[in-house]
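J.: Take a look at the following structure, please.
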Amino acid sequence: MTKKIAFLGLGNMGIPIAQNLINAGHEVSIYNRSAVKAQQLTGNYFLANSPAEAVADKDFVFTMLADDNALNQICTGENGFILALKKGAIHISMSTIAPETSAILNDIHHKNGSIYLSSPVFGRPTAAAEAKLFICLSGQDEAKQLAKPLLEQVGQAVYDFGEDVKAANVLKLTGNFMIMASMETMAEAFTLAEKNGLDRKQVADFFGNTVFNAPIYKNYGTLIANNNYQPVGFKSTLGFKDARLASKMALDAEMPAPLLNLVYNRLLSAIAQGKGEQDWAESIAKGVSNDAGI
């Protein structure tokens, strides 16, 4: 059934997700701060001049934005959309943000008569284009049931983590930490093998097809083994933002996290060297190689 949808945020992930919603035949309004990015979309859609215009009379609003500040600005800043939402509209927030940000936005939506759902995703832009994202979801149960058919059109599976809107954000940050830690592990292992005379590509191929036969080890392992990080799927600045948010969670929970500190500093070092725009896998892997003198 055709739904009235607004989609805000056309980054590397937002473009393919929005395209899949357009392809599904929904009535989609688009807003992005840089309107030229909408030219990458095909099919029928309406390009709005402001967030408020985009959400007018829409039943669902998807946001896929870089960080907490960008999400807060588009929701409650000048020309923000929350006050323009009709009663009962559902905001599906796919951004990787702090759990506390979701809690605050949830309260604002509740006071406005609209509904907020946390729905961060796992997968790189290629997975988004193929509608193969793994989607996490938390928030009001009735709203989740209404949102799931749409989420199933942009991902391969939707996982429900309960009614606390913060839950999906916690899961996303812990998951991104695991990805960073896995990349550090692979980079160190492949570099160790290389320094002892082995072909790092052969090593990655072996592990990716045997004892570490999993998407993270196969996909990121291939990137790291081949030193091939183009096109950039996820910038180091965004990876560091997630490491920073996860570190705050650990600090607030009074939990030592030495491995988290390692990848935090690995990404911070890359940013300090002016490499924030490169893929987070490159920042981690080349940091290891540089330390090893290769």
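J.: Please identify every one of the trypsin sites (Lys or Arg not before Pro) in region 206-277 that sits in a loop by DSSP and has no more than 10 other beta carbons within 10 Å of its own beta carbon.
T.: Numbers: sites: LYS218, LYS235, LYS241, ARG244, LYS248, ARG266, LYS275; in loops: LYS275.
Of the trypsin sites (Lys or Arg not before Pro), not one in the loops of region 206-277 has a Cβ with at most 10 other Cβ atoms within 10 Å.
J.: Out of the trypsin sites (Lys or Arg not before Pro) in region 71-114, which ones are loop residues according to DSSP with at most 11 other C-beta atoms within 10 Å? Don't jump to the answer; show the numbers that get you there.
T.: On the way: sites: LYS86, LYS87, LYS111; in loops: LYS86, LYS87.
Hits after loop and neighbour filter: LYS87.
J.: Non-local amide H neighbours of ILE30 (under 5 Å, H modeled in plane, Pro and chain starts lacking H): which ones?
T.: Here the answer is PHE7, PHE46, LEU47, ALA48, since their amide H atoms fall under 5 Å of that of ILE30.
J.: Let me ask something else. Under the Karplus relation 6.51 cos²θ - 1.76 cosθ + 1.60, θ = phi - 60°, what is the ordered set of whole-Hz ³J(HN,Hα) values for region 167-182, x standing for Gly and Pro?
T.: Calculated HN-Hα couplings, in order: 4, 5, 5, 4, 4, 4, 5, 5, x, 5, 4, 4, 5, 4, 5, 5 Hz.
J.: Give me a comma-separated list of calculated 3J(HN,Hα) values for region 84-89, in order, Karplus coefficients 6.51, -1.76, 1.60 applied at θ = phi - 60°, integers in Hz, x for any Gly or Pro.
T.: 8, 6, 7, 4, x, 5
J.: Below 8 Å, C-alpha to C-alpha, sequence gap of six or more: please give me the relative contact order for the chain in percent. Mind dumping the intermediate values first?
T.: Details: 528 pairs, mean separation 38.7, N = 294.
After rounding, I find 13 percent.
J.: Right, another one. Can you tell me what share of the DSSP beta bridges in the chain is antiparallel? A percent to the nearest 5 is fine. Intermediate values should be presented prior to the final figure.
T.: Values: 5 of 29 bridges.
Antiparallel bridges: around 15 percent, rounded to the nearest 5.
J.: Same structure, new question: Run the paramagnetic zone check for THR174: 7 angstrom along Cα to Cβ, then residues of region 90-112 with backbone nitrogen under 14 Å.
T.: Backbone N within reach: 99.
J.: Check each of the GluC sites (Glu not before Pro) in region 8-112 and keep only those in coil by DSSP with at most 16 other C-beta atoms within 10 angstrom; list them in order. Before the final figure, lay out the partial values.
T.: Details: sites: GLU27, GLU53, GLU78, GLU100; in loops: GLU78.
Answer by residue number: GLU78.
J.: Tell me, what HN-Hα J-couplings in whole Hz come from the Karplus equation 6.51 cos²θ - 1.76 cosθ + 1.60 at θ = phi - 60° for each residue of region 279-287, using x for Gly and Pro?
T.: 4, 4, 5, 5, 4, 6, 5, 6, x
J.: Setting aside same-chain residues fewer than 8 positions from LYS166, which lysines have a Cα under 28 Å from its Cα?
T.: Result set, ordered by chain and number: LYS3, LYS4, LYS58, LYS86, LYS87, LYS111, LYS132, LYS144, LYS148, LYS235, LYS241, LYS248.
J.: Any chance you could check the Cα centroid distance between region 98-146 and region 214-248 for me, in angstrom?
T.: 22 Å
Laboratory data are not the source of any read-out in this text; all were calculated from the coordinates shown. Since the structure is predicted, the reported quantities are computational estimates derived from the model, not experimental observations. In this analysis, Cβ positions are derived from the backbone assuming ideal geometry, glycine residues included, and neighbour counts consider all displayed protein chains.
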